[in-house]
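The values are calculated or read from the model by the stated rules, or taken from the named source; none is laboratory data. Because the structure is predicted, anything quoted here is derived from the model rather than measured. Because the Cβ atoms are built from the backbone with ideal geometry, glycine has one as well, and the counts that use them run over all protein chains shown.
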């Protein structure tokens, strides 16, 4: 039997899809690449899993679009929908005809238009709530198909940010025991993955028998083999003394993505964030003392209720003055069943678009300034398909080979030393002698 997995959303979702891939392979199924989902593909999978996201309205729409794409395949596969959108819309009371439902835990009882739209898509055969999904993938190592491996270490969040529905969908923090993570980590290193990315819904909430994320990384760094560790997005509160100590190891990538959301203290309070702009700035300054070459990114929400021009300009100036080198920018999207939902969506779309444009331009300038610091310097990269590479400090470059170097010897997911240069505006990396 053949299957395919489609994933919308964050690295946590992607890592869970990688664990599902392991489950399917263990059951004797062949997991096809996603190109088999295009019209006219030579082979259509018999089962399609769609791992959805609901962090924003756009994520909802992308998830529903993928479900429709799968439902139009011919011959029609068996379609299983899961993930955060499925959980948010899950309704044990609804009776959608042939739709099969698996319940577990305390499923959501939201029965609004999204549930109706999902169940009305022709060909959806099953909808899994998160309890069912976790039951299927629990304690399984991932089987990645990318050049870098994603390793889920925890799930859930209890910070209750006023705009966030995902923490309410995924529940309280739950961590994977260290022994299971070490086994999965060793398996990935043995499979040839040089970079392993630790991920979770709130990574800094990792706890196993009283030990936190820093202690976990300390244990992983003791494992045999050649590897480097990258942290996925981590909240400002996730940095404790143990973590500060362990990130001095050169095998921990000097790249930290730390959500900011706003540079206005009043908005941070309305958002339910647990830090001030002064505390955020102090954190970045401390990080750069430890890892001066670090590439620091941040999330920013634009158009949160009560964001006026003055508060946006405070955010803009704050980011401009910070050693942040790139931004992930999101327009505010009201999510049902969150504390911020009753505030509505008062900032006009055109105003959001203008502010997003300003921040994107700022992000691009900061990204270029950071990258130019490393021209003529050597960095270690992980090779990706198409002669691309991602450096330890999160610079994506085109790989150039010296004369006489066999291109067939360049294998994705392995490491390579690169001397960085510019070709026009393109960042390139010349492979150097090992």
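Below, the figures for the structure above:
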read-out: Looking only at segment 174-211, and only at residues there that are assigned to a helix (DSSP H, G or I) and in contact with a helix residue (DSSP H, G or I) (Cβ under 8 Å, 6 or more places away or on another chain), the one that is surrounded by the fewest Cβ atoms within 10 Å (Cβ to Cβ); value: 182
read-out: Positions within segment 159-170 being at pLDDT below 95 and farther than 19 Å from residue 60 by Cα, in sequence order; value: 159, 160
read-out: Meets criteria (assigned by TED's automatic domain parsing to the domain that holds residue 193, under 24 Å from residue 289 (Cβ atoms) and modelled with pLDDT of 95 or more) for residue 249; value: yes
read-out: Unmet requirement for residue 79, which otherwise passes all of (1) outside any helix (DSSP H, G or I); (2) under 21 Å from the mean Cα position of the chain (by Cα); (3) modelled with pLDDT of 90 or more; value: (2)
read-out: Filtered residues of segment 270-299 (kept if outside any helix (DSSP H, G or I), in contact with a helix residue (DSSP H, G or I) (Cβ under 7 Å, 6 or more places away or on another chain) and over 22 Å from residue 395 (Cβ atoms)); value: 274, 275, 276
read-out: Search result, residues across segment 247-269 that are part of a helix (DSSP H, G or I) and crowded, with 19+ Cβ neighbours inside 10 Å; value: 267, 268
read-out: Residue identified as crowded, with 16+ Cβ neighbours inside 10 Å and in contact with a helix residue (DSSP H, G or I) (Cβ under 7 Å, 6 or more places away or on another chain) among 420, 401, 362; value: 362
read-out: Which numbered condition residue 340 fails, given (1) free of Cβ contacts under 8 Å to residues at least 60 places away in the same chain; (2) buried (at least 17 other Cβ atoms within 10 Å of the Cβ); (3) assigned by TED's automatic domain parsing to the domain that holds residue 315; value: (1)
read-out: Test set (1) surrounded by fewer than 16 Cβ atoms within 10 Å (Cβ to Cβ); (2) not assigned by TED's automatic domain parsing to the domain that holds residue 328 - residue 415 fails condition number; value: (1)
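Yes/no matrix, rows are residues, columns are (1) closer than 22 Å to residue 59 by Cβ; (2) over 20 Å from the mean Cα position of the chain (by Cα):
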{"residue": "319", "(1), (2)": "no, yes"}
{"residue": "333", "(1), (2)": "yes, no"}
{"residue": "336", "(1), (2)": "yes, yes"}
{"residue": "344", "(1), (2)": "yes, yes"}
{"residue": "367", "(1), (2)": "no, no"}
{"residue": "372", "(1), (2)": "no, yes"}
{"residue": "384", "(1), (2)": "no, no"}
{"residue": "389", "(1), (2)": "no, no"}
{"residue": "403", "(1), (2)": "no, yes"}
